[in-house]
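The values are calculated or read from the model by the stated rules, or taken from the named source; none is laboratory data. Everything numeric in this text was worked out from a predicted model, so none of it was measured. Here the Cβ is made from the backbone with ideal geometry for all residues, glycine too, and neighbour counts use every protein chain on show.
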Amino acid sequence: MTTLILPPLAMHMANELLSVPIAGLTLAVAAILVLIAARRARRATTDDRLPLMGVMGAFIFAAQMINFTLPGMPGTSGHLGGGVLLAILLGPTAGIVTMAAILMVQCLLFQDGGLLALGCNVINMGVIPCLLGWGLYRLVLGPVAKAAAWRQYLAAWLACVVGVTAGAAMVPVEAAVSGVLQVPFRHFLGVMIGVHLVIGLCEGAITFAVIAYLRRVRPELLGLAADDAPVAGRGPGYGVVMASLLGTALLLAGVVSWFASTLPDGLEWSYSQHRYGAVEKAVQNKSPVVLAVDQWQTRWSPMTDYNRRGAPLGELPAAEPNEPESAWPNASGWRSVAGVLGTIITLGILYGLSWWMRKKAV
Amino acid sequence: MHHHFIDRFAMGDSPIHRLDARAKLLAVLTYTVVLISFNRYAVSDLVPMTVLPLTLLWFGRVPVWFALRRVLILSPFILMLLLMSPFYDRIPHDATFGSWRFTISGGWLTAMDIAMKFALGVLALTAMMCTTPFALLLEAMRRLGMPQMIVMQLGFLYRYIFVLIDEAMRVRRARDFRGAALAPIGRRLAAVGGVIGTLFSRTLDRSERVQLAMAARGYQGEPRSLSQLRFTGADAVFLVLVIVYLLACRWAYPRWF
């Protein structure tokens, strides 16, 4: 049976969706957040629980092996992503640190998710689901020690759906700020939210089942028997919950809605940015979108290795200084041939050298 | 599953294996930064960027097919995105290759660009991971300033990942043998919850036992490593070479050709 494993594929960002400044910025933000979380987690979990988060990371990998065939979609099975469950069971800070470790191992060992996109991935799949999910869970749950069963299930479910979808909604935002994607922002956002609502529902169902089981078998893990709760019972007060929840929600709502309004999609945005440029007169026979893209790329590309068709290049003042000057009329074409040939020759020499060294070593 | 599955080539010996893990980590990081800084239409400028990952793989005695297979396995999500871009950007561009001229839409250029960057990035990362044992990489991260806490969690994660995955696989097989696929949805969901819940509480106990075992062996809050990282002249030469190469790829090549 072909199984489609949804969550990991659909959310790990690749390097190519980011520009260098955004990658650096998100890496820095993620690093700071994880550091804060690590410090707090270390204070909350005493020294006798040091291996906890690492081993729990391994647990999430294992739990992802337990698939659940989705009803109505034969051949498709969902599995746990894990961020929200961790946040519920271990608390948000330990959850964030564990998710960060998981994402780093996924990136390094399995090359899933880019090295530079790690910051984005930690924010999307670690920080947001953990904080938002945990906050929502606590909010719906009310007083932990004597929570009713239905409340706990509802809370877990809601936390998963909202946490996962909110994290996924950040992917198009990050890609749009980077200006890498050509897929319009709105379409991308719609697709991501749509797909991740389904994934979130599935994740919610599994989390719900796990909570139901733990409630029956080891209720102290959920903080139900307040006095000897080893992990989850040591929760901060209601105010902290509200603050973290509100903060994350506002941040998210602010960022996403700001983009949805001011940046309807990448193309329109670039069009409105440059519509009064001098270039407009030069290419009147083109549709506005075409014009915008043309301008946008001449502005942002330091070297253009193709010629614009139909557009009178001489009348585009912005493009002039960037074009490589050459006496050769067809320079760019021969340049690419030279590049390809040179690369092949270099690779040949290097391969020969490595082969020779290997033979000498044997 | 065992560590052999991911660490197959990392324990070998080659000029690349002998390099300091810090040098390799920095080189691959810089390579990735340079890689994604290329303009998205400049497909032909990416060609010289293939040299570094392939060289690392060859000199590290890692079969290229192994690395290429990793690229294929990981490609579905990126494939979806890059197949979407030709629909949105249909402005034709004249491309030339030698005396051969053809027209290609901007969307296809972007798609090719994303595909190449993705493949090269994964190849470089694979080359590093296949020539560096994970423990040494962790040590390198620690020396480069990653907090002890995080490095330790990564170490534990790496140590127990296959232990727990094997356990989960056993439980899953047992569940499937008992005909779980035929059960109604509610029962199936309960089974998944039970399995994961059991795994969770077992893991909690396991982490306590690990902690006890560590304490019994004299752990006092600071892990000691026997692995030695020595940054030698060869590493410096390697780093300088990589940086010169990257500068040439990024600035010299597109300008001077």
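Values computed for the structure shown
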{"item": "Matching option when the condition is assigned by TED's automatic domain parsing to the domain that holds B:His17 and surrounded by fewer than 16 Cβ atoms within 10 Å (Cβ to Cβ), among B:Val64, B:Val47, B:Val71", "result": "B:Val64"}
{"item": "Selection status of B:Leu144, more than 17 Å from A:Thr98 (Cα to Cα), more than 7 Å from chain A (Cβ to nearest Cβ), touching a residue at least 24 places away in the same chain (Cβ under 8 Å) and of a type outside the set (Ser, Thr, Tyr)", "result": "yes"}
{"item": "Residue among A:Leu136, A:Leu132, A:Leu158, A:Leu116 that is in contact (Cβ under 8 Å) with a residue 12 or more places away in the chain and outside any helix (DSSP H, G or I)", "result": "A:Leu116"}
{"item": "So A:Gln106, is it assigned to a helix (DSSP H, G or I), closer than 23 Å to B:Ile114 by Cβ and among the polar types (S, T, N, Q)", "result": "yes"}
{"item": "Hey, A:Cys202 touching an Asp or Glu at 6+ places or on another chain (Cβ under 6 Å) and either in a helix (DSSP H, G or I) or among the hydroxyl-bearing types (Ser, Thr, Tyr) (or both) or not", "result": "no"}
{"item": "Matching residues in region A:184-213 - criterion: being free of Cβ contacts under 8 Å to residues at least 12 places away in the same chain and either crowded, with 23+ Cβ neighbours inside 10 Å or farther than 24 Å from A:His79 by Cβ (or both)", "result": "A:Gly190, A:Ala209"}
{"item": "Unique residue being among the hydroxyl-bearing types (Ser, Thr, Tyr), surrounded by fewer than 19 Cβ atoms within 10 Å (Cβ to Cβ) and in a loop (DSSP other than H, G, I, E, B) when the list is B:Ser225, B:Ser201", "result": "B:Ser225"}
{"item": "Yes/no for B:Phe134 being facing chain A (nearest Cβ under 8 Å), under 18 Å from A:Pro51 (Cβ atoms) and in contact (Cβ under 8 Å) with a residue 24 or more places away in the chain", "result": "yes"}
{"item": "Identity of the residue in region B:50-81, within 14 Å of the chain's Cα centre (by Cα) and facing chain A (nearest Cβ under 7 Å), that ends up farthest from B:Met128 (Cα to Cα)", "result": "B:Leu74"}
{"item": "Selected residue [within 11 Å of another protein chain (Cβ to nearest Cβ), touching a residue at least 40 places away in the same chain (Cβ under 8 Å) and more than 17 Å from B:Ala234 (Cα to Cα)] from B:Val47, B:Val34", "result": "B:Val34"}
{"item": "Any hit, region A:148-160, residues being crowded, with 24+ Cβ neighbours inside 10 Å, of a type outside the set (Gly, Ala, Ser) and touching a helix residue (DSSP H, G or I) at 6+ places or on another chain (Cβ under 6 Å)", "result": "yes"}
{"item": "Tabulated pairs, region B:107-130, first closer than 18 Å to A:Leu118 by Cα, second among the acidic types (Asp, Glu) and surrounded by 24 or more Cβ atoms within 10 Å (Cβ to Cβ), C-beta under 9 angstrom, 6+ apart or interchain", "result": "B:Ile114/A:Glu16; B:Lys117/A:Glu16; B:Phe118/A:Glu16; B:Gly121/A:Glu16"}
{"item": "Breaking point among (1) crowded, with 23+ Cβ neighbours inside 10 Å; (2) closer than 25 Å to A:Leu17 by Cβ; (3) not assigned by TED's automatic domain parsing to the domain that holds B:Thr50, for B:Gln153", "result": "(2)"}
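For (1) small (Gly, Ala, Ser); (2) within 7 Å of chain A (Cβ to nearest Cβ), each residue gets a yes or a no:
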site: B:Val151; (1), (2): no, no
site: B:Tyr158; (1), (2): no, yes
site: B:Ala191; (1), (2): yes, no
site: B:Val195; (1), (2): no, yes
site: B:Ser225; (1), (2): yes, no
site: B:Leu229; (1), (2): no, no
site: B:Leu239; (1), (2): no, no
site: B:Trp251; (1), (2): no, no
